[in-house]
Amino acid sequence: GTTLKAAAERSGRYFGAAMGGDRLSDQGFLTIANREFDMMTAVNEMKPDATEPNRGQFDFRAGDAIYNWATQHGMRVRGHTLAWHAQQPRFWGSLSGSALRTAMIDHINGVMAHYRGKLYAWDVVNEAFAENGSRRGSNLQSTGNDWIEVAFRTARAADPSVKLCYNDYNIENWTYAKTQGVYAMIRDFKSRGVPVDCVGLQTHFTGGSSLPGNFQTTLSSFAALGVDVALTEADVTNASATQYAGLTQACVSVPRCVGITTWGIRDSDSWRGSENPLLFDRNSNPKAAYTSVLNALNAA
Ligand code: G3I
């Protein structure tokens, strides 16, 4: 394949990017997105604060604009995200206990009803673990330790066809406590029939010394539990071509690693912009890391 998506599709995978609504009028971005990518994620537009600004008052305009552009250009869409400690609707801040739990359930039902049958996957729960492998403290966690499984059961009932993912960062290193914490939860969910279909590993890399072997062990270990795995928000300090090759090799070596998404396209799109962490430079030119990813995909 001579593009990221063509190379990924050779082995039945996708290659995705994230975009904000402001990119819908950015021809440079759109041209590369249309040429190279076949999966899209909204950076902020499908998050709880965006989709339900006031209780029961849903607003899908920004999310739909991205969804419509992507699908009109032959891409699929990953939904991001339904329940998270950050970017919550303001009204969640004055709720707790069963009232907050109900608000979360209502939110999942409201958003998933709108997108029912339309999305490839939902990041149902985002970033619910702390670095030490225990649950991250949050208002949602304070509603009871079962909030995550309630979110997944609610999601399955709301849209039986979409893949339901747990998504987190710093879970790429197999020997790291947080990785083990998430792994234990997924193992428990699978053993008790809690509906979880996939684990998203955000893959925001700074170091990357354990690539690709250690990362591949993480991916294959999750996959062995009976879930798909995906790299959902990849970016790497200075776009190290070696690290990008390694993370791509790790994915293509695991049959259930279904695809890779980078968090933006050009360095100018990135939340880590000063680190120039993406595959295209500010002039839309592919960088060395682009070639290393393409080659690793084509070697699969
Ligand atoms: O829209 C307002 C704008 O009106 C205002 O002028 C401006 C001033 O700061 O802020 C704008 O909102 C910002 C928003 O991005 C849109 O650009 C928020 O302040 C800013 O906090 C928000 O950051 C987003 C961040 O999530 C928030 O948690 C990033 O764009 C987004 O890339 C980032 O994405 C997260 C994933 O969802 C989860 N994993 C980590 C990843 C990177 O942090």
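Quick note: the coordinates plus some simple rules give every number you see, no bench work behind them. Quantities reported herein were computed from a predicted structural model and do not represent experimental measurements. All Cβ positions, even for glycine, are placed from backbone atoms using ideal geometry, and neighbour counts span all protein chains on display.
Highest mean first, what order results for 117-124, 291-298, 260-267, 60-67 on Cβ atoms within 10 Å?
Highest mean packing first, the order is 260-267, 117-124, 291-298, 60-67.
Skipping prolines and chain starts, which residues have an amide H placed within reach, meaning under 5 Å, of the one on Asn44, given they are 5 or more residues away or on another chain?
Gly21
How do the peptides 269-280, 134-145, 46-57 rank, highest first, by the average count of neighbouring beta carbon atoms within 10 Å per residue?
Working: 269-280: 19.6, 134-145: 15.1, 46-57: 17.7.
Ranking the peptides 269-280, 134-145, 46-57 by packing returns 269-280, 46-57, 134-145.
Measuring from a point 7 Å past the Cα of Ala130 along Cα-to-C-beta, which residues in the range 176-190 have an amide N at less than 15 Å?
Only 177-179, 181-182 pass the distance filter.
How many percent of all Cα-Cα pairs in the range 109-219 sit more than 17 Å apart?
56 percent
Please report, to two decimal places, log10 I(q)/I(0) for the chain at q = 0.16 Å⁻¹ as given by the Debye formula with identical point scatterers on the Cα atoms and no solvent.
-1.34
Please compute P(r) over all alpha-carbon pairs of the range 1-112, binned at 10 Å starting from zero, and give each bin as a whole-number percent.
Here the calculated profile for the range 1-112 is 14, 40, 26, 16, 5, 0.
Run lengths n ≥ 4 of DSSP H only: what is the helix-derived mean residue ellipticity at 222 nm for the chain, with -39500 (n - 2.57) per run over all residues, to the nearest 500?
-11500 deg cm²/dmol
Describe numerically, in nm with one decimal, the distance between label points set 7 Å from Cα along Cα→Cβ at Ser253 and at Asp281.
3.1 nm
Give the distance, in whole Å, between the Cα centre of the range 123-161 and the Cα centre of the range 215-253.
Rounded to whole Å, the Cα centres lie 23 Å apart.
With N set to the residue count of the range 23-72, report its C-alpha Rg divided by 2.2 N^0.38 Å to two decimal places.
Scaled against compact globular proteins, the figure is 1.28.
Exactly which GluC sites (Glu not before Pro) in the range 44-146 are in a DSSP loop and have at most 14 other Cβ atoms within 10 Å?
Details: sites: Glu45, Glu127, Glu131; in loops: Glu45, Glu127, Glu131.
Sites meeting the loop and neighbour criteria: Glu131.
Taking only the alpha-carbon positions of the range 201-300 and ignoring solvent, what does the Debye formula give for the base-10 log of I(q)/I(0) at q = 0.23 Å⁻¹?
Those come out to -1.17, one per q.
Checking the table Lys178/Lys287; Lys5/Lys163; Lys118/Lys287; Lys118/Lys190; Lys47/Lys190 against a 30 Å threshold on Cα-Cα, which pairs fail?
Lys178/Lys287; Lys118/Lys287
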